[in-house]
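Here's the structure we're looking at; comments come further down.
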Amino acid sequence: MTTIRPRRLRTTPAMRGLVRETRVARAQLVLPVFVADGLTKPRPISSLPGVVQHTLDSLRAEAARAASAGLGGIMLFGVPQPQEKDAAGSVGERADGILNRGLAAVRAEVGDDLVVMADTCLDEFTDHGHCGLLTPDGGVDNDATLDVYARLAVSQAEAGAHVVAPSGMMDGQVLAIREGLDAAGHEDVSILAYAAKYASAFYGPFREAVGSSLAGDRRTYQQDPANRREGLREALLDLAEGADMVMVKPAASYLDVLADVAAASDVPVAAYQVSGEYAMICAAAERGWIDRDAALAEAITCIVRAGADLVLTYAALEVPAVR
Ligand code: PBG
């Protein structure tokens, strides 16, 4: 009897390289960045080692680095001055609001060399920290929020975004934004829909990164982590509304949802390795418990293996570590 030996294909680095099923390319990685108003120099985010709130100048430099490293894209989040926040998040759509100024600065720097993406959401800009407008009783008003998202997306397109990325999980947001963009003549601006976005504890460090004002939680609009079928349902709805790309978020703990969406989607699928996923690896590495570069490379490779065509990751510029 001859033993069947899968180990033959693992004998040397060259053999393993030859038969590797998944390879991660820089062109499929997107770097999330934060730009804050009123800073004189970049401010480190303590819970996200190596990540900072940028000034407009340091943001431009970071975008230039991302472009010359061959990354696929950059995703901008804006951090306004606390006193600029209001119940409607109105600073978000202002041309002189920090996110739109950041988008314009990045576009001026990189042109079309990098796909420039904008977070299309209100939570960074509202004084209550929710992703939408509130009803008198304190709930999040789905339909009233849609009009604001459409205006916000148009303002981002006008500032220079190639892609708008609605992350607020309002029902109907993709269609509302598509109609708003088209009516304003921005037919070429794409929508990357945060389609299956879960109410996750892994967003913790992000809340520090954007100076979030949120007191409660987002469980009436973000999904219950227990629900797999619902993730696919959300993605299919966004596809029907015209999403150009759909995203699953977070990534590592949701690879089943990602695989489901990848199998059903006829457009590119993104996954977001969120702040807590990145921070946990950094924190364990700081204690010497884990090899940072190897763990990041493995995590990103496995996200692609599960079906992501593009990956948002705070480690995007460290991609030499990705094999
Ligand atoms: C909402 C938004 C969040 C993240 C991206 N967009 C925060 C939230 O939903 O609470 C989280 C990203 C991360 O944790 O890295 N605009």
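Checking each residue in region 255-282 for being within 16 Å of the ligand (Cβ to nearest atom) and open to solvent by 50 Å² or more (accessible area, probe 1.4 Å) picks out only 280. Of everything listed in (1) more than 28 Å from residue 125 (Cβ to Cβ); (2) open to solvent by less than 20 Å² (accessible area, probe 1.4 Å); (3) at pLDDT 95 or above, the single unmet condition for residue 319 is (3). Among the residues in region 296-308, are any closer than 23 Å to residue 115 by Cα, touching a Pro at 6+ places or on another chain (Cβ under 7 Å) and not in a helix (DSSP H, G or I)? No: region 296-308 contains no residue that is closer than 23 Å to residue 115 by Cα, touching a Pro at 6+ places or on another chain (Cβ under 7 Å) and not in a helix (DSSP H, G or I). Considering 257, 267, which residue is among the β-branched types (Val, Ile, Thr) and touching a residue at least 60 places away in the same chain (Cβ under 8 Å)? It is 257.
If we scan region 62-81, do we find a residue that is surrounded by fewer than 19 Cβ atoms within 10 Å (Cβ to Cβ), touching a residue at least 12 places away in the same chain (Cβ under 8 Å) and out of contact with any helix residue (DSSP H, G or I) (no Cβ under 9 Å at 6 or more places or on another chain)? Checked against the condition, which is being surrounded by fewer than 19 Cβ atoms within 10 Å (Cβ to Cβ), touching a residue at least 12 places away in the same chain (Cβ under 8 Å) and out of contact with any helix residue (DSSP H, G or I) (no Cβ under 9 Å at 6 or more places or on another chain), region 62-81 yields no hits at all. Scanning region 188-204 for residues being open to solvent by 30 Å² or more (accessible area, probe 1.4 Å), within 19 Å of residue 248 (Cβ to Cβ) and more than 9 Å from the ligand (Cβ to nearest atom) gives a total of 2.
For region 205-232, the candidate set comprises residues that are surrounded by 15 or more Cβ atoms within 10 Å (Cβ to Cβ) and part of a helix (DSSP H, G or I); within that set, the residue that is farthest from the ligand (Cβ to nearest atom) is 232.
On inspection, residue 91 passes the criterion of being open to solvent by less than 10 Å² (accessible area, probe 1.4 Å), under 27 Å from residue 114 (Cα atoms) and β-branched (Val, Ile, Thr).
Per the listing 185, 242, the residue uniquely away from the ligand (no atom under 15 Å from the Cβ), touching a residue at least 40 places away in the same chain (Cβ under 8 Å) and either in a loop (DSSP other than H, G, I, E, B) or open to solvent by less than 10 Å² (accessible area, probe 1.4 Å) (or both) is 242. For region 283-295, filtering for residues that are at positive phi and either within 16 Å of the ligand (Cβ to nearest atom) or part of a helix (DSSP H, G or I) (or both) leaves 0. Pairs are defined by a Cβ separation below 8 Å, a sequence spacing of at least 6 or placement on different chains, a first member in region 100-120 that is in a helix (DSSP H, G or I), and a second member that is within 16 Å of the ligand (Cβ to nearest atom) and open to solvent by 50 Å² or more (accessible area, probe 1.4 Å); the pairs so defined are 100/93. Inside region 1-58, residues that are under 27 Å from residue 97 (Cα atoms), outside any loop (DSSP other than H, G, I, E, B) and among the β-branched types (Val, Ile, Thr) make up a count of 4.
Among the residues of region 1-22, the one identified as in contact (Cβ under 8 Å) with a residue 24 or more places away in the chain and either of a type in the set (S, T, N, Q) or within 27 Å of residue 113 (Cα to Cα) (or both) is 22.
The values are calculated or read from the model by the stated rules, or taken from the named source; none is laboratory data. Since we're looking at a predicted model, the values are computed, not measured. Glycine also receives a Cβ, built like all others from the backbone with ideal geometry; neighbour counts cover every protein chain displayed. The area values use the complete protein model at the heavy-atom level, side chains included, leaving out ligands, DNA and RNA. Shrake-Rupley method; radii C 1.70, N 1.55, O 1.52, S 1.80 Å.
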